[in-house]
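Read the structure below first, then the notes.
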């Protein structure tokens, strides 16, 4: 279709091709005179040409309507009440389009009378003759058996066309299951013509079941079908959303221990963000980042601005944070290079400090204060333990994760959940499991075709294995 649309002479210079057969020849310039594939505007130009043809032929309203409403790109899907009307519309459209260089091909219809009028345009089957070999391979034998099984399709007919004429009175009747778990619905078309009434099923969620139940009732069919689906390996690959999560493990110690704010904290970066140091026009903006300190006990958040992701910038932010909130005892972060470098530097400073000679009096005073403080903390923690385990937990009853699920075992076959549809998830075998303190497995090491990975169980979908 694109090659039938001419481009204006003044716009052809934008479709130039430079060509030469070898490096010794002079470069030749070619211009494409028609719309080509790959252009962002190609699809618009094609549909705009069809619309212009419809606007130029407003004298025939029916023809103009078909061209504007029944054509999608280069495909025409339309119809009429009778074969005679359909033939007339098709001839008019073929004539109008052919005068502009567009020729209708590959016509098809459910009416034999229509196809007989356009037999020269409806032949679009291409036959390829293969030389017959006397020694048929096993694949050819399997293919012939597969092809023979489709012969029964010729005897299967499903009515698709609802006969509607101008003098018909049409009513649509919809039915649905009247319950809170309604999932089945059916819509029927009721026609009245010349005193005769005809009812036909149009659409339903399970049209085959609706049709079957008009004459048959299969006892226990749902139970049998569900049993077959549970044992189907392909079905299990696409029903991963029904996987029950494992019983949630205990929270880390620092999340449930009563401590001062930011005694234990997690660190992460956000950004980059653009920062202007001065107001006014022409001020250059620089890239900066936000260092987030989150208290694990109280969920309080402290924010520090940093100029880059280097180790020195992070240590400077950590110093400012410690000056305002107090030095943290435990810090948790990912394996970012700046965090790893900062930890290495702080370890070096700590080793240097420990290697210096100490004052015995100061050491004795600090150790004594630490012991007294620890005793006071133990009294606090004893009260907090009773408070959190006996009272607070009763205020927030769990609605899920109440029962432990069967744990993964070695040599189990699983799917690794990733971005994309379940059909593309890689299959793996469980090599090793890591049970928690309660004996439940929440992390496993799996082996795929190409690598060995460590994944949490909520990212793994176990495939059922049934004996033959």
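The values are calculated or read from the model by the stated rules, or taken from the named source; none is laboratory data. Bear in mind the structure is a predicted one, so any value in this text is a computation, not a measurement. So basically every Cβ, Gly included, is an ideal-geometry build from the backbone, and we count neighbours across all protein chains shown.
Given the structure, is residue 121 modelled with pLDDT of 80 or more, out of contact with any helix residue (DSSP H, G or I) (no Cβ under 7 Å at 6 or more places or on another chain) and within 28 Å of residue 52 (Cα to Cα)?
Answer is no for this residue.
Could you look through the stretch 83-106, keep only residues that are in contact (Cβ under 8 Å) with a residue 24 or more places away in the chain and in a loop (DSSP other than H, G, I, E, B), and pick out the one that is surrounded by the most Cβ atoms within 10 Å (Cβ to Cβ)?
Filtering the stretch 83-106 for residues that are in contact (Cβ under 8 Å) with a residue 24 or more places away in the chain and in a loop (DSSP other than H, G, I, E, B), the one surrounded by the most Cβ atoms within 10 Å (Cβ to Cβ) comes out as 102.
Only one of these is at pLDDT below 75, farther than 30 Å from residue 79 by Cα and outside any loop (DSSP other than H, G, I, E, B): 148, 223, 132, 139. Name it. Reasoning before the result, please.
Working: 148 fails: at pLDDT below 75; 223 fails: at pLDDT below 75; 132 fails: outside any loop (DSSP other than H, G, I, E, B).
Sole residue among the options that is at pLDDT below 75, farther than 30 Å from residue 79 by Cα and outside any loop (DSSP other than H, G, I, E, B): 139.
Can you tell me which residue in the stretch 260-288 is nearest to the chain's Cα centre (by Cα), limited to those that are outside any strand (DSSP E or B) and surrounded by 13 or more Cβ atoms within 10 Å (Cβ to Cβ)?
Residue satisfying both the conditions and the ranking: 262.
Taking the condition at pLDDT 85 or above, in contact with a helix residue (DSSP H, G or I) (Cβ under 9 Å, 6 or more places away or on another chain) and surrounded by 10 or more Cβ atoms within 10 Å (Cβ to Cβ), does residue 50 pass?
yes
If you take the residues of the stretch 35-78 that are outside any helix (DSSP H, G or I) and touching a residue at least 40 places away in the same chain (Cβ under 8 Å), which of them is farthest from the chain's Cα centre (by Cα)?
Going through the qualifying residues, I end up with 74.
Please go through the stretch 305-322 and give me each residue that is closer than 14 Å to residue 262 by Cα and either touching a residue at least 24 places away in the same chain (Cβ under 8 Å) or touching a helix residue (DSSP H, G or I) at 6+ places or on another chain (Cβ under 9 Å) (or both), ordered by number.
Looking only at the stretch 305-322, we keep the residues that are closer than 14 Å to residue 262 by Cα, and these are 318-322.
Residues satisfying the conditions are 318, 321.
Just give me the residues in the stretch 409-462 being in a loop (DSSP other than H, G, I, E, B) and surrounded by 15 or more Cβ atoms within 10 Å (Cβ to Cβ), in sequence order.
Residues of the stretch 409-462 in a loop (DSSP other than H, G, I, E, B): 409-412, 417-421, 425-426, 436-440, 448-451.
Residues satisfying the conditions are 412, 417, 425, 426, 440.
Report, ordered by the first and then the second residue, all pairs with beta carbons closer than 8 Å, sequence separation of six or more or different chains, a first member in the stretch 144-166 that is at positive phi and surrounded by 10 or more Cβ atoms within 10 Å (Cβ to Cβ), and a second member that is assigned to a helix (DSSP H, G or I) and at pLDDT below 65.
none
Against the definition (surrounded by fewer than 10 Cβ atoms within 10 Å (Cβ to Cβ) and closer than 25 Å to residue 74 by Cα), how does residue 41 come out, yes or no?
Values: surrounded by fewer than 10 Cβ atoms within 10 Å (Cβ to Cβ): yes; closer than 25 Å to residue 74 by Cα: yes.
Yes: the conditions hold for residue 41.
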